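Remarks on the structure that follows.
Every number in this text was worked out from the coordinates using simple rules, so none of it is lab data. Predicted, not measured: the structure shown is a model, and the values here were computed from it. As a convention, Cβ positions derive from the backbone with ideal geometry for all residues, glycine included, and neighbour counts pool all protein chains shown.
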Amino acid sequence: FQKQVCNDIGRRLTVLEDAWAQGKLSAPVRKRMSLLVQELQQQRWDAADEIHRSLMVDHVNEVSQWMVGVKRLIAETRALPSGDTDGSAGTEQEGP
């Protein structure tokens, strides 16, 4: 099941990547996606989710093919144990 989820997210993000590379995304969508990435990197899930929702409302025709993948990425990343989202898995120290 997890592999299916990852594959689905990957396929949808590839659609996003292709649209971005081909210049098919409007400036407002590119700007909000850049902000969304920053929020994810800072593990601010609610802020990332809010940007996702605003994109779905304001630019649904432009983002509908791939935004489900972004939504799932936010949900799956949020569900990871803290520390596993930045490639440092296994580096956390045990508490007392």
Quick one: if you stick a label point 7 Å off each Cα along the C-beta vector at residue 77 and residue 53, how many nm between them?
1.8 nm
Ordering of 2-11, 69-78 by burial proxy (mean other Cβ atoms within 10 Å per residue, highest first):
69-78, 2-11
Quote to one decimal, in nm, the extra length available between residue 31 and residue 61 on full extension: 0.36 nm per residue of separation minus the C-alpha distance between them.
9.1 nm
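How big, in percent, is the set of alpha carbon pairs in the range 1-79 lying more than 17 Å apart? If you can, show how the numbers build up before the last one.
Details: 1291 of 3081 pairs.
It works out to 42 percent of all Cα pairs.
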